[in-house]
Structure formats: C-alpha cells, structure tokens
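Below is one structure, written out as structure tokens; the observations come after it.
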Amino acid sequence: MSKRKTYTIFLSLEDRIDVDLEFEKIPRNPPRPSRFAITYSARIADRWREGLRYDTFHGYLHRQRLWRSHEPEPLSDMARMPAGDILAICQDDLRRNWRRYRALMESAIEED
C-alpha cells in the first residue's frame with residue numbers, strides 16, 4: 001500500500017517547484033519514498049509552463065528538459081542512490097539553477 005503527498009515550493013511569484021511523492025508503507029517501519037516527480041514551472045506570457053522535471057513514475061530515474069523535448073534522459077548514474085538522496089539532489093539543482101532554466105525556457109518560446 002502506498003501514500004501520496006504533493007506540495008509546491010514558490011521560488012518567486014512566477015516560479016515554483018511542484019513535488020509529487022509516493023511513499024511505500026512497510027509494516028513497523030517509517031514510510032519511505034518509492035516514486036517521485038519534481039518539476040520546475042514558470043509563469044511566462046501569463047501561462048504556467050513546465051520547464052524541467054526529475055521523475056521516477058515511469059519505472060526509472062530520468063530528467064526531462066521540456067523547453068527542448070519531452071524525451072526522457074535516463075540518469076542511471078544516480079539510480080542506485082537512496083531515494084532521499086536523489087530527491088535532495090534534484091531539489092537542490094532546481095533551487096540553485098531555476099533562473100537559468102527560466103532563461104532557457106524564455107529563449108525557446110521566443111524562437112517559436
């Protein structure tokens with residue numbers, strides 16, 4: 001049996017991280033993350049747009065740079081790490097680099 005938790009971290013009024021966690025419940029043990037999606041989104045041209053997602057809901061750890069393509073990029077070098085460590089690394093990347101990701105998204109929109 002699993003439990004799901006979702007929440008949003010606002011980086012600014014126009015930038016956010018959406019977190020979707022699924023926990024595995026093991027009898028007599030604390031729940032542990034089993035699957036997750038962490039997505040950076042930006043409000044650009046009056047619309048929320050997803051920019052970068054780290055995800056395990058498709059059965060493997062991958063990243064999607066959505067301003068480029070929706071094709072998943074496997075992150076097999078991190079896949080053997082504990083889920084909590086992976087979550088921390090992904091969130092840290094989005095918190096540190098969201099301004100750069102936003103600029104890349106804006107550039108991609110201008111090119112369309």
Flagged in segment 49-72 as loosely packed, with under 12 Cβ neighbours inside 10 Å and either among the acidic types (Asp, Glu) or at positive phi (or both), in numbering order, are Gly59, Glu71
Scanning segment 69-90 for residues that are touching a strand residue (DSSP E or B) at 6+ places or on another chain (Cβ under 6 Å) and charged (D, E, K, R) gives Glu73
Those residues of segment 58-94 that are within 18 Å of Thr6 (Cβ to Cβ) and touching a residue at least 24 places away in the same chain (Cβ under 8 Å) come to a total of 7
Query raised in the report: Is it fair to say Thr56 is under 29 Å from Ser107 (Cα atoms) and within 16 Å of the chain's Cα centre (by Cα)?
Result: yes
Sole miss for Ile38 among (1) touching a Leu at 6+ places or on another chain (Cβ under 8 Å); (2) over 15 Å from Gly84 (Cα atoms); (3) at pLDDT 95 or above is condition (2)
Checklist entry - Do we find that Thr39 is under 12 Å from the mean Cα position of the chain (by Cα), part of a strand (DSSP E or B) and surrounded by fewer than 16 Cβ atoms within 10 Å (Cβ to Cβ) in this structure? => result no
* Asked: Does Tyr101 qualify as being more than 21 Å from Arg4 (Cβ to Cβ), of a type in the set (Ser, Thr, Tyr) and either in contact (Cβ under 8 Å) with a residue 60 or more places away in the chain or part of a helix (DSSP H, G or I) (or both)?
  -> yes
The residue from Asp46, Asp92 that alone is among the charged types (D, E, K, R) and under 13 Å from the mean Cα position of the chain (by Cα) is Asp92
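The values are calculated or read from the model by the stated rules, or taken from the named source; none is laboratory data. If you're wondering where the values come from, they're calculated on a predicted model, not measured in any experiment. Backbone-built Cβ (ideal geometry, glycine too); neighbour counts: all protein chains shown.
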